[in-house]
Amino acid sequence: MFARSANFIKLKKQNPTCLLLSAFNKSKSTYNFSSSLFYSQQTCPYQKAQTNEEKVNVATLNIQTPPVNEANDNNSSSTTPKTFDDVPGPEGLPVIGNMMEMLKHKVHPSKYFLSLLHKYGPIAKLTLLNKRFLLLGDPSLIAHVARNEERRNLMHACRYYRQQRGIVMSPIEMEFTENWMPKRQLFNVAMRPDFVEKVAIPQLTELNSELIQNALKSIDPNKNYELQNGMKLLSRYAFNSVLKTFLGVRLGENEKDLPFDVDTYIDQVINFLNLAIRLDNSLPIYKYIPTKTSKEAFANFDAVRECTKATVELFGGDQPAGSKPRLKELIEERAKGMDREQEHIADVLSSFLIAGVDATSRVMSYNLYRLAHHKEYQEKLYKEFEEIFGPPTLEEITSENGLEVTLEQFKKLKLVKHFVEETLRMNGIAFISSMRVLNNDLEIGGYMVPKETAILFVDKYCSWSNDYVKRADEFIPERHEKGSPLALENSFISLPFGVGHRKCPGSRLALTEIYLLIINLVRHFTISLKEDKFPEVSTDQSILYIDMNKYPVYLKPREHAMKVLRKD
């Protein structure tokens, strides 16, 4: 959780990230305008904190606060701090503050937040009714807040939906004061270091040939091998990956047994996420009178939940002896003793499917575009894969499972991991990675910020700025190598999966999927674009994406793969 999302995908989605102002939250006879984080908490609905019961070393789970360069941690001052009112930002109107301007950007407010930092600097403020918002783009300030505060906000529309139907809650829909830890522990199973070794790699490597075969079926030789409906290819691969990891089955011939159409399901997931975020950006009229948006969003969620339930009932039975481990049993072991145990297990799968179909597939598309735009890295990656796996073969396409990737080989991968990390720095599903709500007053950057202020981590401001990243506007995967002179000097500059105890728990699974996607495509295709210019990112949905119909990708089979295409 992260770290859906996805169209990604035409998001989104954090996980982990897109913060959207939510609606009025009625509390103690007053209305509070609150906010909810999407990318690190909803596109990556895998989120929750560690408890004392968690026996795994927290440091190995990558949910701890990253180290920060203390030399740049200029958050406290020796003089009396200024007040929140002194923070730079747009002037607001009496009572409603900056509400009118926010409503103009309700589809994608994080784009507006980023523009404010470009105008006012790395710290800026907003007020919406009686709610304060502080925007942070300086990584040392982000680190300071992340170390001092773990309180998050929630998805109010999703919470309302579940409350009305008596459905078990996910952590992203629960108040910080509620007991969300037991549920989060179910998601955290996918954060364990041995998850990739024992579950993700053994299961996902069996999807390699199916991915290549589907890619070959999706290209049009009469249009220079243009990839037709690229998001469908990526979304279905993401769906297949979660299905395989969680239940140990893949689509293939099993698809005919599903009581629903997979492509329709994917559309419902994308629509639900987009509309749910829009509801959180608007007044909560749906709580009193059903609106067109709320009815459509909740209808899509109903359908998604029913499809997930049917999938678990169909494929969730006991596996034959000798089967590879799957995530379902690991979560069942963790869920023992929980009230409504089976409902919680199905809900975890639903969350993984939602985030995987949307957010992860959008991140996949970004990597595909980066491969096509930076052709020199295709050949560099091809050589790395050839050194580790040997030359590509026809059997990788025609056999039942394709290329078998072992843990030892996976550990040798370097450039592909740096490539994905650089892609996530340059392109994300949101401009905001995470947020906090202060439990106590806190001095931030020389300003005393009152408790209950919502703090937004606009990490794309610093990850794209030459003030924080050397040659920030250049795509250089090698900057992520240890000891690189271009390395990020602060680990809070790029936070694609969020940060802290509720970091996107689906991050390990998502990254493994993306690595295998790149391995298979680069070994068997050359990837290109029609234009030399990198495609524009669309902001008309709640989660960022590149329109793959507007900017088609071309997958030309390499010589050995061309034989399979001609045979077909």
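The values are calculated or read from the model by the stated rules, or taken from the named source; none is laboratory data. Keep in mind it's a predicted model, so treat the numbers as computed, not measured. All Cβ positions, even for glycine, are placed from backbone atoms using ideal geometry, and neighbour counts span all protein chains on display. Note: areas computed on protein heavy atoms with side chains; ligands, DNA, RNA excluded. Shrake-Rupley method; radii C 1.70, N 1.55, O 1.52, S 1.80 Å.
Structural remarks
- Residues that are open to solvent by less than 20 Å² (accessible area, probe 1.4 Å), farther than 20 Å from Thr512 by Cα and assigned to a helix (DSSP H, G or I), drawn from region 305-357: Cys307, Thr308, Thr311, Ala335, Ile345, Asp347
- Check on Ile543, more than 30 Å from Met174 (Cα to Cα), among the hydrophobic types (A, V, I, L, M, F, W, C) and open to solvent by less than 30 Å² (accessible area, probe 1.4 Å): no
- Scan region 174-192 for residues that are within 20 Å of Ser433 (Cβ to Cβ), part of a helix (DSSP H, G or I) and not small (Gly, Ala, Ser) and the total you get is 4.
- Subset of region 352-385 (residues that are at pLDDT 95 or above and among the hydrophobic types (A, V, I, L, M, F, W, C)): Val363, Met364, Leu368, Leu371, Ala372, Leu381, Phe385
- The lone criterion from (1) hydrophobic (A, V, I, L, M, F, W, C); (2) open to solvent by less than 30 Å² (accessible area, probe 1.4 Å); (3) in contact with a Lys or Arg (Cβ under 7 Å, 6 or more places away or on another chain) left unmet by Ile432 is number (3).
- Among the residues making up region 128-172, those that are crowded, with 21+ Cβ neighbours inside 10 Å, of a type outside the set (A, V, I, L, M) and more than 30 Å from Glu341 (Cβ to Cβ) are Lys131, Arg132, Phe133, Gly137, Asp138, Pro139, Ser140, His144.
- Taken over region 291-315, the criterion of being more than 23 Å from the chain's Cα centre (by Cα), hydrophobic (A, V, I, L, M, F, W, C) and closer than 14 Å to Ala346 by Cα is satisfied by Ala310, Val312, Leu314, Phe315.
- Pairs are defined by a Cβ separation below 9 Å, a sequence spacing of at least 6 or placement on different chains, a first member in region 387-399 that is under 11 Å from Ser209 (Cα atoms) and of a type outside the set (Asp, Glu), and a second member that is in a helix (DSSP H, G or I) and open to solvent by 80 Å² or more (accessible area, probe 1.4 Å); the pairs so defined are Leu394/Lys563.
- The C-beta contact set for region 362-380 (first residue surrounded by fewer than 22 Cβ atoms within 10 Å (Cβ to Cβ) and among the basic types (Lys, Arg), second residue at pLDDT 95 or above and not in a helix (DSSP H, G or I), distance under 6 angstrom, 6+ apart or interchain) is empty.
Residue by residue, here is whether (1) out of contact with any Pro (no Cβ under 6 Å at 6 or more places or on another chain); (2) among the aromatic types (Phe, Trp, Tyr); (3) under 30 Å from Lys530 (Cβ atoms) holds:
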{"site": "Lys309", "(1), (2), (3)": "yes, no, no"}
{"site": "Gly316", "(1), (2), (3)": "yes, no, no"}
{"site": "Ala321", "(1), (2), (3)": "yes, no, no"}
{"site": "Lys324", "(1), (2), (3)": "no, no, no"}
{"site": "Arg334", "(1), (2), (3)": "yes, no, no"}
{"site": "Thr360", "(1), (2), (3)": "yes, no, yes"}
{"site": "Gly390", "(1), (2), (3)": "yes, no, no"}
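Here's the yes/no breakdown for (1) part of a loop (DSSP other than H, G, I, E, B); (2) surrounded by fewer than 24 Cβ atoms within 10 Å (Cβ to Cβ); (3) not β-branched (Val, Ile, Thr):
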position	(1), (2), (3)
Met231	no, no, yes
Arg250	yes, yes, yes
Glu255	no, yes, yes
Asn271	no, yes, yes
Ile277	no, no, no
Leu283	yes, yes, yes
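- Single residue of region 435-485 satisfying the filter (under 30 Å from Glu379 (Cβ atoms) and β-branched (Val, Ile, Thr)) that is surrounded by the fewest Cβ atoms within 10 Å (Cβ to Cβ): Ile476
- Within this structure, Ser528 passes the test of being polar (S, T, N, Q), out of contact with any Lys or Arg (no Cβ under 6 Å at 6 or more places or on another chain) and either crowded, with 18+ Cβ neighbours inside 10 Å or at pLDDT 95 or above (or both).
- Of all residues in region 80-102, those satisfying the criterion of being out of contact with any Phe, Trp or Tyr (no Cβ under 8 Å at 6 or more places or on another chain) and polar (S, T, N, Q) are Thr80, Asn98.
- Hey, Glu408 at pLDDT below 95 and either open to solvent by 80 Å² or more (accessible area, probe 1.4 Å) or among the basic types (Lys, Arg) (or both) or not: no
- Among the conditions (1) over 18 Å from the mean Cα position of the chain (by Cα); (2) buried (at least 24 other Cβ atoms within 10 Å of the Cβ); (3) under 30 Å from Pro325 (Cα atoms), the only one that Gln185 does not satisfy is (2).
- Cβ pairs under 8 Å, 6+ apart, first in region 194-211 and more than 18 Å from Asn520 (Cα to Cα), second among the β-branched types (Val, Ile, Thr) and buried (at least 19 other Cβ atoms within 10 Å of the Cβ): Phe195/Val189; Val196/Thr512; Val199/Thr245
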